[in-house]
Amino acid sequence: MTEQVSAQQVSAHKDPVVIAFANEVLDGFSDVCKSLRYATFLTDDGFEVASIAGDEKQNRRVASMASSMQALGDAVARDLRIGGAEYIIIAAETGYVIQMRVPEHAMVLAAHFDAAETVGKALSVARLAASNMRTMVQEKAA
Amino acid sequence: MAEHVILFAGPMGAGKTTAIESLSEIETIRTEATNTDRETADKDTTTVALDYGEITVGDDDKVRLYGVPGQRRFNFMWTILKERAVGLVLLVNNDAADPIRELDEFLEEFGELHEKGGIVVCVTRSDVAPTPYLDKYAERIREVMPGRMIPVFTADARNGDQMRTALMSLIANIEITAMIADNQERAA
Ligand SMILES: Nc1nc2c(ncn2[C@@H]2O[C@H](COP(=O)(O)OP(=O)(O)O)[C@@H](O)[C@H]2O)c(=O)[nH]1
Ligand SMILES: [Mg+2]
């Protein structure tokens, strides 16, 4: 096979450059937000791109579950015709999980904060991380 | 017969999403995501949570059809959806790298649904890969689940009639299982 490989995009979780970006964004994320317990970038179809904290097996599991959640959120929003799902929040007793898509990319950010954070603050830092990731991936493509 | 929950399981690319689309009388609920794993199945999207459709059987028996993601990394969805199911349509694409092994693995994961109602196996994409033949599947089923009545069909997931035939045979088995359980209860 001598087809042009460059035309075919390497998926995010196998692209060392994208993985490096994701790690960089996650590092910055945990620096600005002390209540962040855990965060991961994953592909829409549930492969872990990069994570902070957590063990390998757990990270993979979270990536799969976050992917399912994202798709279910999208399905509900689609069915109710309320536009695309912007973010999903699971509020639990001792903390919460926020997840959202990296704008315009088949990638999702899932983050777990402890209860000390306000939802508003957590949301805004998560948005920033997702948007930073988008910028980096975009610049790479350009 | 009241409401039935039927699960559609099998490897990625077997045709679970397509089959539910072919069967459903309502607009199906889909959870497709961009597929980055082209080596396993060369298609644009893949199911990451569930498919959902409905079909009426007989006068007014509603059958709920749930499709699961084929990849093992989503097996938490298998556990969730298995709980309510009373029957299984196991789809195996004949062009898989090792379809008999897929049959094996999915029977191991979902075999318990036989006791809850019934199982039917549909071999898809046999136009793409003509072998293995059906008797290989039947043989393996007899080995892994001896003494159980598990019909095997070839079916094209895109073909509503073929899928309905398979589904009806499953529902017949589910009703028999329910009847036997009923009689045992009454006898006890
Ligand atoms: N040629 C052929 N294609 C089929 C047959 N059954 C299903 N397909 C196709 O195989 C693909 C199955 O994909 P999908 O339904 O997403 O599989 P899933 O991963 O099990 O949900 C679709 O493109 C179907 O149109 C068949 O019997 N023959
Ligand atoms: Mg599917």
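Taking GluC sites (Glu not before Pro) as exposed when DSSP calls them loop (any state but H, G, I, E, B) and at most 16 other Cβ atoms lie within 10 Å, what is the longest stretch of chain B free of them, the sites themselves excluded?
Longest gap between qualifying sites, sites excluded: B:113-188.
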Exercise. Roughly speaking, to the nearest percent, how much of the protein assembly as shown's 1.4 Å accessible area is carbon and sulfur?
Worked result: 52 percent
Seminar exercise, completed: The ³J(HN,Hα) series, computed from each phi in the stretch B:6-13 with the Karplus coefficients 6.51, -1.76 and 1.60 at θ = phi - 60°, rounded to the nearest Hz and given as x for glycine or proline, is 10, 9, 10, 10, x, x, 4, x
For this session: May I ask you to list the GluC sites (Glu not before Pro) in the stretch A:66-142 that are in a DSSP loop and have at most 16 other Cβ atoms within 10 Å of their Cβ?
Result: A:86, A:93, A:104
For this session: With a cut-off of at most 12 other beta carbons within 10 Å, and DSSP calling the residue loop, which trypsin sites (Lys or Arg not before Pro) in the stretch A:1-106 qualify? Please list them.
Result: A:34, A:81
For this session: Would you calculate the separation in nanometres between label points at residue A:15 and residue B:45, each defined as 7 Å from the Cα along the Cα-to-beta-carbon direction?
Result: 2.1 nm
Problem set entry | Principal-axis tilt of helix A:56-79 within chain A, Cα atoms, nearest 10 degrees | 80 degrees
For this session: Quantify how strongly other chains surround peptide A:56-63 by giving the mean number of their Cβ atoms within 10 Å of each of its Cβ atoms.
Result: 1
Seminar exercise, completed: Of the listed pairs B:62/B:82; B:82/B:136; A:57/B:116, those with alpha carbons more than 23 Å apart are B:82/B:136; A:57/B:116
Problem set entry | Shielding by partners - mean other protein chain Cβ count within 10 Å, residues of B:28-40 | 5
Exercise. Applying 1/(1 + (r/R0)^6) with R0 = 30 Å to the Cβ-Cβ distance of residue A:56 and residue A:87, what FRET efficiency is obtained, to the nearest 0.05?
Worked result: 0.70
Seminar exercise, completed: Low-density loop trypsin sites (Lys or Arg not before Pro), the stretch B:1-93, at most 14 other Cβ within 10 Å, DSSP non-H/G/I/E/B, are B:38, B:43, B:84
Exercise. When ligands, DNA and RNA are left out and all protein chains stay put, how many square angstrom of accessible area per residue does the stretch A:12-142 have with a 1.4 Å probe?
Worked result: 50 Å²
Exercise. What is chain A's relative contact order, in percent, from Cα pairs under 8 angstrom and six or more apart in sequence?
Worked result: 24 percent
For this session: Report the residue, chosen from B:94, B:173, B:159, that carries the largest GNM mean-square fluctuation when chain B is represented by alpha-carbon nodes joined by springs under 10 Å.
Result: B:159
Seminar exercise, completed: Sequence order, the stretch B:33-42: Karplus ³J(HN,Hα) from phi using 6.51 cos²θ - 1.76 cosθ + 1.60, θ = phi - 60°, Hz rounded, Gly and Pro as x, gives 10, 4, 7, 9, 10, 6, 5, 6, 8, 7
For this session: Note down the magnitude of the dipole of the protein assembly as shown about its Cα centre, charges +1 on Lys and Arg C-beta and -1 on Asp and Glu C-beta and zero elsewhere, to the nearest 20 debye.
Result: 500 debye
For this session: Take peptide A:70-79, look around each residue's Cβ out to 10 angstrom, count Cβ atoms belonging to other protein chains, and average those counts.
Result: 4
For this session: On a 0 to 90° scale, report how tilted helix B:99-110 is relative to the longest principal axis of chain B, with both axes built from alpha carbons and the result rounded to the nearest 10.
Result: 50 degrees
Seminar exercise, completed: Relative to chain A, whose Cα atoms define the longest principal axis, helix A:16-32 and its Cα axis are tilted in degrees, nearest 10, by 20 degrees
Exercise. Percent relative contact order of chain B, based on C-alpha pairs within less than 8 angstrom and at least six residues apart?
Worked result: 24 percent
For this session: Would you mind getting me the FRET efficiency between residue B:27 and residue B:188? Use the beta-carbon distance for r and R0 = 41 Å, nearest 0.05.
Result: 0.40
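The values are calculated or read from the model by the stated rules, or taken from the named source; none is laboratory data. The shown structure was predicted, so the numbers you read here are calculated from the model rather than taken from an experiment. A quick note on method: Cβ atoms are made from the backbone with ideal geometry, for glycine too, and the neighbour counts reach across all protein chains shown. These accessible areas exclude ligands, DNA and RNA; they are computed on the full protein's heavy atoms, side chains included. Shrake-Rupley method; radii C 1.70, N 1.55, O 1.52, S 1.80 Å.
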